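The values are calculated or read from the model by the stated rules, or taken from the named source; none is laboratory data. Bear in mind the structure is a predicted one, so any value in this text is a computation, not a measurement. Backbone-built Cβ (ideal geometry, glycine too); neighbour counts: all protein chains shown. Side chains are part of the model used for accessible areas, which takes the heavy atoms of the whole protein and leaves out ligands, DNA and RNA. Shrake-Rupley method; radii C 1.70, N 1.55, O 1.52, S 1.80 Å.
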Amino acid sequence: MAILTILEFPDSRLRKVAEPVTEVDAALRNLATDMLETMYGAPGVGLAATQVNVHRRLVVIDVSDARDQPLVLINPEIAVLDDTPRDYDEGCLSVPGFYEKVARPERIRVQALDLDGNPFTLEPDGLLSICIQHEVDHLDGKLFVDYLSPLKRQRIRQKLAKLQRATA
Ligand code: GNR
Ligand code: NI
C-alpha cells in the first residue's frame, strides 16, 4: 500500500481526459487500494485517478461516517434522472481549503464496473450523488471551480498559489 501524491489546481494534468479501463487486473486493484488509502489519509470522501496523475477511468468513494464502506467505480457512466439542480457546498482535495456552492442534479443513475469487472447500477442521492458527479468530472478534466464565476476562481487560484509557495 502507498499514499499517492495528489495534484493541485491549477496543475494542467488535472485537465487531461482519462481513458476507459480495458482490463480489470491486479495492477488496477493495487491502484484502487492505494487510492483508497490516499483518500482515507487525506481525508476525503472521494478520489479520482486523475488526481493522482493516472489518466484511467477509476474512482474511489466512501461517504460513510464510519469510513468503512469503500466504493470503487470503473468506467462510470451517469444518466440524469431529474435535472432539477440542488446546491451543495463542495470541496476538493485538489483545491485544498476552499468550499463553494455548486448546483448539480441530485437524481442520477450510475453504471460502472466493480473490481471483479462486473457491471452494477446505483441510484444514489445526497452526498453520494454529488460526490460521484464530482469524481466523474475529474475523469473528464473538470474541477468544481469551473462552475464558479471567473472572479471567484481567480481568487482561489491566487490564494492557493500563495499557500503553495509557503509550503514549497
Ligand atoms: O473530500 C471531498 N469532499 C467533498 C465534499 C463535497 C463535494 C464533493 C467532495 S469530493 C472531495 C474529495 C475530492 O476531491 N474528490 O475528488
Ligand atoms: Ni475533487
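Every test in (1) touching a helix residue (DSSP H, G or I) at 6+ places or on another chain (Cβ under 7 Å); (2) open to solvent by 60 Å² or more (accessible area, probe 1.4 Å) is passed by residue 66 save one, and that test is (1). Looking at region 36-47, is at least one residue closer than 25 Å to residue 4 by Cβ, more than 14 Å from ligand 1 (Cβ to nearest atom) and open to solvent by less than 70 Å² (accessible area, probe 1.4 Å)? Yes, that holds for at least one residue. As a summary of the residue check, residue 88 satisfies the conditions (1) near ligand 1 (Cβ under 10 Å from one of its atoms); (2) within 25 Å of residue 5 (Cβ to Cβ); (3) of a type outside the set (D, E, K, R) except for the one numbered (2).
If I ask for residues that are over 15 Å from residue 124 (Cα atoms) and free of Cβ contacts under 8 Å to residues at least 40 places away in the same chain, which ones from region 61-76 would you list? Listed by number, the residues that qualify are 65, 66, 67, 68.
If the condition is being touching a residue at least 40 places away in the same chain (Cβ under 8 Å) and among the small types (Gly, Ala, Ser), then region 23-56 contributes 32, 42, 44, 46, 48, 49. Of all the numbered requirements in (1) away from ligand 2 (no atom under 16 Å from the Cβ); (2) within 22 Å of residue 9 (Cβ to Cβ), residue 118 misses one, and that requirement is (2).
Taking region 1-102 as the region of interest, the strands (runs of 3 or more DSSP E) fully inside it that hold 2 or more residues being hydroxyl-bearing (Ser, Thr, Tyr) are 71-90.
Tell me, which residue of region 116-152 that is over 23 Å from residue 19 (Cα atoms) and open to solvent by 50 Å² or more (accessible area, probe 1.4 Å) is nearest to ligand 1 (Cβ to nearest atom)? Residue satisfying both the conditions and the ranking: 127. Open to solvent by 70 Å² or more (accessible area, probe 1.4 Å), polar (S, T, N, Q) and within 16 Å of the chain's Cα centre (by Cα): is that true of residue 84 in this structure? Here the answer is no, as residue 84 does not meet what is asked. Residue under question is residue 101, and the condition is that it be closer than 24 Å to residue 5 by Cα and more than 10 Å from ligand 1 (Cβ to nearest atom); does it hold? No.
Using the structure shown, decide if residue 166 is outside any loop (DSSP other than H, G, I, E, B) and within 16 Å of ligand 1 (Cβ to nearest atom). Answer is no for this residue.
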